[in-house]
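As structure tokens, the structure follows; a few thoughts come after it.
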Amino acid sequence: MKSNKFYIRTYGCQMNVADSELVAGILSDAGYQKVNTIDEADIIIFNSCTVRQHAEDRVLGRITAESKRKKQNPNMLIGLIGCVAQRKGKKLLEEIKSLDFVVGTDQYRQLPKIITSCMKRKEHLFADVQNNIENYENIYPVRNNGVNTFVTIMRGCNNFCSYCIVPYVRGRERSRNHKEILHEIENVGNEGFKDVTLLGQNVNSYNDSEYTFPELLKYASQISTIERLRFVTSHPKDISDKVIEVMAAEPKLCEHLHLPMQSGSDRILEKMNRNYTSEKYLSIIHKLQDAIPNIAITTDVMVGFPGETEEDFLQTYNLMKQIRFDYAFTFKYSHREGTAAASYAEQIPEKTRLSRLQKLIELQEQITFEKYQEQIGRTVQVYVEHTSKKSDKELSGRTRDNKIAVFPGDKKLIGTFVDIEIIDATGWTLKGKQINPT
Ligand code: SAH
Ligand code: SF4
């Protein structure tokens, strides 16, 4: 019997989540069957992340751990796709003997052919040519279950922030055709995904030579089959007043923006090649807060970039304290071979990076705690996703400003929008009660 059940385990960012759904679409079209647990699978695919060394080590460690499954199922195939596959290519087939195929970010259309060859001829194959134009048009992703989903609007990145490997493993920036995007949003809405996030490394520079980002955003937010629209990620150098205007004007655009700050030191921002200053960043925050009352702002921040002094770090710490983000993803700088920063002098010792990271985490935990406490007494709309982990009499969902909220309620409310009053909050979760329960 032909082995055709595949399972994909995804590591890393939302783009990888969306790419796994794309790959599931490609394989399903070719007659393969997606399964939801690794135990059922004949073909195990790891979609990998290489943005930090730790992410890469995790996925490669996992492959080794799962390889013992081949003893029970000699026909099993194990493959690696995504950013580590793109970065290391063929070398991986030599380093990890249990790997059957390695396929980079622009070569997913080849997966059915590669898998068939691996099965028939017991070959070990790779495809890692970066073509910089593949947009995966005409492929319909097989989406994971749920009520929220992503629609990819662009791929790649041209920014070359000096610490970042993404432009090397995902190639040049290219925007999908706006008609295809709008059509896909309409379709996912019809499928029951009412909360949609537009996805790209730098969505604000979207341009398909007919529409720029504010135009796409405006038309997307007027699609009748969806209820909520979001977008990620925005680069502070590209977010325009027009985008903020559209966010303020269009009711379906949610009151949340993820705006990576990276550092509060102008000297470091320049060395990072970010093309904005802390003052410019702060002015965008103020514009957003003026235009969109109660907007939640989240960010990415990095410590320990080469040459970061105690004074630079303090500027980051103080800017975070001043802005009071709803949430911040905090990272310690990771050396990525081939990036500009990898060759910079004054690499910061691990111990210093760790202690700075710890200080930022503590600061942000306190701010997030306070921000969530401030929500008590408010009435918010929750899009119900599933029952809560703790009890099946409790429901869990997301607010428009991207916070998790739980409240007592019946399962039949999953997939609907419910107004709740917030009565309590922990650092990460709002607790509420339904207003006017039916
Ligand atoms: N395109 C997005 C996401 C990039 S990766 C953006 O520009 O925001 C997500 C985050 O990982 C980045 O915002 C950055 O904070 C972090 N990151 C990227 N490269 C890193 C590195 N070498 N070391 C540590 N953190 C890194
Ligand atoms: Fe990396 Fe900068 Fe591109 Fe984001 S914008 S993916 S941080 S190079």
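The values are calculated or read from the model by the stated rules, or taken from the named source; none is laboratory data. As the structure is a prediction and not an experimental result, all values here were calculated from the model. Positions of Cβ are generated from backbone atoms using ideal geometry, with glycine treated the same way; all protein chains shown enter the neighbour counts. The area values use the complete protein model at the heavy-atom level, side chains included, leaving out ligands, DNA and RNA. Shrake-Rupley method; radii C 1.70, N 1.55, O 1.52, S 1.80 Å.
For this structure, a couple of remarks:
- Listed conditions (1) surrounded by 20 or more Cβ atoms within 10 Å (Cβ to Cβ); (2) closer than 30 Å to Lys91 by Cβ; (3) of a type in the set (Lys, Arg) are all met by Arg176, apart from (2).
- When the range 142-167 is filtered for residues that are outside any loop (DSSP other than H, G, I, E, B) and in contact with a Cys (Cβ under 9 Å, 6 or more places away or on another chain), the ones remaining, listed by number, are Val166, Pro167.
- Among all positions in the range 212-234, there is at least one residue which is within 16 Å of ligand 2 (Cβ to nearest atom) and assigned to a helix (DSSP H, G or I).
- Leading residue by the ranking (farthest from Gly200 (Cα to Cα)) among those in the range 3-12 that are touching a residue at least 40 places away in the same chain (Cβ under 8 Å) and part of a loop (DSSP other than H, G, I, E, B): Ser3
- Picking from residues in the range 133-190 that are of a type in the set (Gly, Ala, Ser) and within 16 Å of ligand 1 (Cβ to nearest atom), the one that is farthest from the chain's Cα centre (by Cα) is Ser162.
- Filter result (basic (Lys, Arg) and assigned to a loop (DSSP other than H, G, I, E, B)) within the range 273-299: Arg274
- Selection from the range 207-239 of residues that are under 28 Å from Lys280 (Cβ atoms), of a type in the set (D, E, K, R) and within 21 Å of the chain's Cα centre (by Cα): Arg230, Lys237, Asp238
- Test: residue in the range 328-347 that is in contact with a helix residue (DSSP H, G or I) (Cβ under 9 Å, 6 or more places away or on another chain), away from ligand 1 (no atom under 13 Å from the Cβ) and open to solvent by less than 60 Å² (accessible area, probe 1.4 Å): no
- Residues within the range 295-327 that are open to solvent by 10 Å² or more (accessible area, probe 1.4 Å), of a type outside the set (A, V, I, L, M) and within 13 Å of ligand 1 (Cβ to nearest atom), tallied: 2
- Take the conditions (1) free of Cβ contacts under 8 Å to residues at least 40 places away in the same chain; (2) more than 16 Å from ligand 1 (Cβ to nearest atom); Ile223 misses just one of them, which is (1).
- Residues satisfying the stated conditions in the range 13-22, i.e. assigned to a loop (DSSP other than H, G, I, E, B) and closer than 11 Å to Leu111 by Cβ: none
Results for (1) assigned by TED's automatic domain parsing to the domain that holds Gly89; (2) assigned to a strand (DSSP E or B); (3) surrounded by 18 or more Cβ atoms within 10 Å (Cβ to Cβ); (4) not charged (D, E, K, R), shown as yes or no for each residue.
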residue	(1), (2), (3), (4)
Ala24	yes, no, yes, yes
Leu27	yes, no, yes, yes
Phe46	yes, yes, yes, yes
Val51	yes, no, yes, yes
Arg62	yes, no, no, no
Ala65	yes, no, no, yes
Lys71	yes, no, no, no
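- Yes/no for Asp401 being outside any helix (DSSP H, G or I) and open to solvent by 40 Å² or more (accessible area, probe 1.4 Å): no
- Within the range 255-294, being within 16 Å of ligand 2 (Cβ to nearest atom), over 20 Å from Val203 (Cβ atoms) and exposed (fewer than 15 other Cβ atoms within 10 Å of the Cβ) holds for one residue alone: Glu270.
- Residue count for the range 125-148, restricted to those that are under 21 Å from Gly89 (Cβ atoms), without any contact (Cβ under 8 Å) to a residue 40 or more places away in the chain and surrounded by fewer than 16 Cβ atoms within 10 Å (Cβ to Cβ): 1
- In the range 163-175, the residues that are under 16 Å from Ser334 (Cβ atoms) and within 11 Å of ligand 2 (Cβ to nearest atom) form Cβ pairs under 7 Å with partners that are β-branched (Val, Ile, Thr) and open to solvent by less than 20 Å² (accessible area, probe 1.4 Å), at six or more places apart or across chains, as follows: Tyr163/Thr339; Cys164/Thr339; Ile165/Thr50; Ile165/Thr339; Val169/Thr50; Val169/Thr105.
- Test: residue in the range 114-123 that is surrounded by 20 or more Cβ atoms within 10 Å (Cβ to Cβ) and either without any contact (Cβ under 8 Å) to a residue 24 or more places away in the chain or farther than 30 Å from Ala342 by Cα (or both): yes
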